[in-house]
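The values are calculated or read from the model by the stated rules, or taken from the named source; none is laboratory data. Computed from a prediction, not measured in an experiment: that's the story for all the values here. Neighbour counts are summed over all protein chains in view; Cβ atoms, including those assigned to glycine, are modelled from backbone coordinates with ideal geometry. For the accessible areas, the whole protein counts, side chains as well, though only heavy atoms, and no ligand, DNA or RNA atoms are used. Shrake-Rupley method; radii C 1.70, N 1.55, O 1.52, S 1.80 Å.
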Amino acid sequence: FRHVIAPLADAGYRIIAPDCRGAGFSSKPASNFTKSAMAHGILQLLNTLGTTEPVHVIDHDIAT
């Protein structure tokens, strides 16, 4: 995403690029590692940031 962050920010979007558990080279939990659990983590992040407006979520998943 490093190539699209600046253009999106320049277009007026607020960009949040978390390093999600188990994505890329991040550590992952031993259990309950599901897409649903990851989505819940993103929701928790948005709530913690005080996000109240609708958001666009862009994800990229590469199996390693």
* Structure fact -> Output for the chain: trypsin sites (Lys or Arg not before Pro) sitting in coil per DSSP, at most 10 other Cβ within 10 Å, listed by number, reads Arg2, Arg14
* **Cβ-based charge dipole, the chain, positive-most Cα from Ala6, Ala23, Gly50** => Ala23
* For the chain, with all protein chains present and a 1.4 Å probe, just round the carbon and sulfur fraction of the accessible area to a whole percent. => 57 percent
* Asked: Which value, in nm² and rounded to one decimal, describes the direction-averaged projected area of the C-alpha convex hull of the chain?
  -> 5.2 nm²
* Asked: Counting only heavy atoms of protein chains, what accessible area per residue, in Å², does the chain have with a probe of 1.4 Å?
  -> 90 Å²
* To do: Note the angle between two axes, namely the Cα long axis of helix 35-48 and the longest principal axis of the Cα atoms of the chain, as a number of degrees from 0 to 90, rounded to the nearest 10.
  => 50 degrees
